[in-house]
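S.K.: The structure under discussion is supplied below as C-alpha cells; questions concerning it will follow.
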Amino acid sequence: MNDLYVAGTDTGVGKTVLSLLLMQFLFEQGKRPFYLKPLQTGCKTPRDEDSDAAFIYRHVESLRDGDPGESVIYCFANPKAPFFAARDEGSAIDLKLMERIVAEKSRAYSPLVIEAAGGVLVPVAEGTLIVDIMQTTGAKVLIAARAGLGTINHTLLSIEALQARGIKPAAIIFIDAAETPPEMIAENREAIEACSGIKVAGVIGRIADFSHPPRDSYRPIEFLFREGLV
C-alpha cells in the first residue's frame, strides 16, 4: 500500500485525530500500519500526556502495549516550529537520519501513517520546510483542514504550496470539532473543490470516545479507499 502523509492547513486542525482514525481503520482491515510522527514539539518525551504518539498508542487497541517512543524521531519541549524548538535545546535536526528512518519503517510496515508537525510551510532546518520532508517520502498526502470559517483560504494556500513542489494531494478531509453549520461546510467544500480540483473526502465530526469513535467518523476514510484516492 501507499504510505500516507497527514498534512495540515495549520497547527491544531486535527491531524492527530485523522491519523488515529486511519490507524484504527487500517488495523480493522487486517493491514500492518505504523504511525510515525517524525517531529514532535510541545512535550518533553514521546510518552508525555501531550504527546501525539502517546495519544495514538492509548486509543489504538493494537498499540496499547507498545512504546510511543518508537514512533517519534525527534521530540522537543517548546511548542514551536521544529527548527526553533531544536535550536532552543542547542540541537539540530538531521534530515538524512529522518529520511533513513522513514525508509526503514516503510520497508517494515504497510502502510506508514506519517503525521506532519504544524502546517506545510513550517521550518524544520535551515532552508527546509515540512513540505520538503514530505517530498522525500513519496507518500500520498492527505490534508486535514478545519471545516469552518477561514478554511477556504488556508486549504487553497496549502494546496498551492504542495503543488509548487510537485505534490498533488490525494484528498482533503474536514475536521469539525466546532459543529460548523452544514451550509457553511457545503460552501467551503464547493469552493475548495472548484478552485483546486482536489476532492474533499468528507467530514469528521466531534468524537467523545477516541477509543471507540462512531462509525460515521470513518466514512471519509472509507471513501478514500473505495475511490482509489490512496
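S.K.: Got a sec? How would 59, 212 order by Cβ neighbour count within 10 Å, fewest to most?
M.R.: On the way: 59 21, 212 12.
Exposure proxy ranking, most exposed first: 212, 59.
S.K.: Let me ask another. Counting other C-beta atoms within 10 Å, and keeping those with at most 16, which DSSP coil trypsin sites (Lys or Arg not before Pro) do you find in region 32-95? Kindly include the intermediate steps, with their values, before the conclusion.
M.R.: Details: sites: 44, 47, 58, 64, 80, 87; in loops: 44, 47, 64, 80.
Those satisfying the criteria are 44, 47, 64.
S.K.: Further question on the same structure: List the equivalent ellipsoid semi-axes of region 1-74 in whole Å, largest first, each obtained as the square root of 5λ for an eigenvalue λ of the Cα gyration tensor.
M.R.: Numbers: eigenvalues 70, 47, 23 Å².
After scaling each eigenvalue by five and taking roots: 19, 15, 11 Å.
S.K.: Once the piece of chain linking residue 226 and residue 153 is laid out straight, how much longer is it, given 0.36 nm per residue of separation minus the C-alpha distance between them? Present the calculation step by step, with values, prior to reporting the outcome.
M.R.: Details: separation 73, 0.36 × 73 = 26.28 nm, distance 2.82 nm.
Between residue 226 and residue 153, full extension yields an extra 23.5 nm.
S.K.: Need one word for region 107-153: rounded, prolate or oblate. Basis is the Cα gyration tensor (sqrt eigenvalues a ≥ b ≥ c); a/c below 1.5 gives rounded, then a/b vs b/c decides.
M.R.: Numbers: a/c = 2.87, a/b = 1.30, b/c = 2.20.
Judged from the Cα gyration tensor, region 107-153 comes out oblate (a/c at least 1.5, b/c at or above a/b).
S.K.: Moving on to the next point. Give me the extension gain from residue 183 to residue 163: residue separation times 0.36 nm, minus the current Cα-Cα distance, reported in nm with one decimal.
M.R.: Values: separation 20, 0.36 × 20 = 7.20 nm, distance 2.85 nm.
In short, 4.4 nm is gained.
S.K.: Calculate the length of the line joining the C-alpha centroid of region 175-208 to that of region 38-63, in whole Å.
M.R.: Rounded to whole Å, the Cα centres lie 27 Å apart.
S.K.: Size of the dipole of the chain about the Cα centre, Lys and Arg at +1 and Asp and Glu at -1 on the beta carbon, nothing else charged, in debye to 20?
M.R.: On the way: 24 positive and 30 negative charges, 102 e Å.
Roughly 480 debye for the chain.
S.K.: A further question follows. Report relative contact order for the chain in percent, whole number only (criteria: Cα-Cα under 8 Å, sequence separation at least 6).
M.R.: On the way: 438 pairs, mean separation 55.6, N = 230.
Contact order relative to length: 24 percent.
S.K.: Obtain the nm distance between the two label points defined at residue 67 and residue 108 by a simple spin-label model: each point lies 7 Å from its Cα along the Cα-to-C-beta direction.
M.R.: 1.1 nm
S.K.: Given labels modelled 7 Å from the Cα in the Cβ direction, how far is it in nm from residue 99 to residue 45?
M.R.: Modelled inter-label distance: 3.2 nm.
S.K.: So, one more: Using amide H atoms built in the peptide plane, which far-off residues or other-chain residues are under 5 Å from residue 171 H to H?
M.R.: Residues meeting the amide H criterion: 143.
S.K.: Computed from these coordinates, which is semi-axes √(5λ) of the Cα gyration tensor in Å: (i) 33, 19, 17; (ii) 25, 21, 17; (iii) 32, 20, 13?
M.R.: Checking each listed value against the structure points to (ii).
S.K.: Continuing with the same structure: Contact order normalised by length for region 1-109, with contacts defined as Cα pairs under 8 Å and 6 or more residues apart; what percent is it? Spell out each step's value before the answer.
M.R.: On the way: 127 pairs, mean separation 25.3, N = 109.
Answer for region 1-109 is 23 percent.
S.K.: Continuing with this model, one more query. Residue farthest toward the positive end of the dipole of the chain, with Cβ of Lys/Arg at +1 and Asp/Glu at -1: which of 55, 225, 120?
M.R.: Sorting the options by dipole projection puts first 225.
Since every read-out is calculated from the coordinates, none of them should be taken as a lab result. These numbers were taken from a predicted model, which means no experiment stands behind them. FYI the Cβ positions are ideal-geometry reconstructions off the backbone, even for glycines, and counts take in every protein chain you see.
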